[in-house]
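K.L.:
I have a structure here, written as structure tokens, and I will follow up with some questions on it.
The values are calculated or read from the model by the stated rules, or taken from the named source; none is laboratory data. Note that the structure is a prediction, hence the values are computed from the model and not measured. Counting neighbours? That spans all protein chains shown, and the Cβs are built from the backbone with ideal geometry, glycine included. Heavy atoms of the whole protein, side chains included, go into the accessibility calculation; ligands, DNA and RNA do not. Shrake-Rupley method; radii C 1.70, N 1.55, O 1.52, S 1.80 Å.
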Amino acid sequence: KNQVEQSPQSLIILEGKNCTLQCNYTVSPFSNLRWYKQDTGRGPVSLTIMTFSENTKSNGRYTATLDADTKQSSLHITASQLSDSASYICVVSGNSGGGADGLTFGKGTHLIIQP
Amino acid sequence: KAGVTQTPRYLIKTRGQQVTLSCSPISGHRSVSWYQQTPGQGLQFLFEYFSETQRNKGNFPGRFSGRQFSNSRSEMNVSTLELGDSALYLCASSPPGLARYNEQFFGPGTRLTVL
């Protein structure tokens, strides 16, 4: 069964600090992996998307890495800001013809930035 | 370009009632997917529509149904509501192009509370 596990479940850090969120997956075959940011009461917004051949992808202060051999990904947030407080969701897509049923969602990491 | 819109944003119903949620995709997007999001389960795929046809369906009971209109707007209906149906219902649309990337653009969601 395809699964995406995220850790930690929740994290509290001080403003200005860095943090790293983890995503382990057992989806096979693999097409791509994406990270979403979801603010409270809002829909998820895409941060990065990586295919099998990409190891790193950056979007401002967000840097995602992918190790397709170990089936692990991480999202690193640099110099955190209060606006980074949100849930971060890892989503893995298998080769199912591109349909939404081929997406496996993690349950997310709830990040709180304290001033 | 306007984003995905969902109406209503909030809804309170009682057990046994039915509800209809509406989603307008980004202009030019023909694929619309629906998800249920709860704190314990994360995002779970309900169904996907493309050109007025249901392309994929998740593992939900027949009380959950949907449809898509010729202008790509979509509705989902839940009949005989149960307490466990309380959740955030998210709609996402996908642009045409490389299907395997299946980029999902989410709306703000409809928060359904069943009393």
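K.L.:
Work out, step by step, the length gained on full extension between residue A:56 and residue A:7: first 0.36 nm times the residue separation, then minus their alpha carbon distance; give nm to one decimal.
P.N.:
The span from residue A:56 to residue A:7 would gain 15.7 nm if fully extended.
K.L.:
Relative contact order of chain A: what whole-number percent is it, with Cα pairs under 8 angstrom and at least 6 residues apart?
P.N.:
That works out to 37 percent.
K.L.:
Same structure, new question: Suppose all protein chains stay in the model; what accessible area per residue would a 1.4 Å probe give for the protein assembly as shown, in Å²?
P.N.:
Heavy-atom accessible area per residue stands at 48 Å².
K.L.:
With heavy atoms of protein chains only and a 1.4 Å probe, what residues of region A:23-52 have at least 10 Å² less accessible area in the full set of chains than alone?
P.N.:
For region A:23-52, once contacts with the other chains are taken into account, A:31, A:32, A:34, A:36, A:38, A:41, A:42, A:43, A:44, A:46, A:49, A:51 lose 10 Å² or more.
K.L.:
What list of ³J(HN,Hα) values in whole Hz, one per residue of region A:53-68 in order, does the Karplus curve 6.51 cos²θ - 1.76 cosθ + 1.60 (θ = phi - 60°) give from phi, with Gly and Pro shown as x?
P.N.:
Couplings: 8, 9, 9, 9, 9, 10, 8, x, 7, 9, 10, 9, 10, 9, 10, 5 Hz.
K.L.:
So, one more: Given a Förster distance of 25 Å, report the FRET efficiency between residue B:111 and residue A:68 from their Cβ-Cβ distance, rounded to the nearest 0.05.
P.N.:
That pair, residue B:111 with residue A:68, gives E of 0.10.
K.L.:
If you don't mind, another one. Check which residues have an amide H placed less than 5 Å from residue B:86's amide H, if you skip close sequence neighbours.
P.N.:
Close amide H contacts, sequence-distant or interchain: B:114.
K.L.:
Related question: Of all beta bridges DSSP finds with both residues in chain A, what is the antiparallel percent, to the nearest 5?
P.N.:
On the way: 39 of 44 bridges.
Roughly 90 percent of the beta bridges in chain A run antiparallel, per DSSP.
K.L.:
Continuing with this model, one more query. Using only protein heavy atoms and a 1.4 Å probe, how much accessible area in total is buried between A and B, to the nearest 100 Å²? Please list the in-between numbers first.
P.N.:
Values: alone 6320 and 6380 Å², together 10930 Å².
By this definition, chains A and B bury close to 1800 Å².
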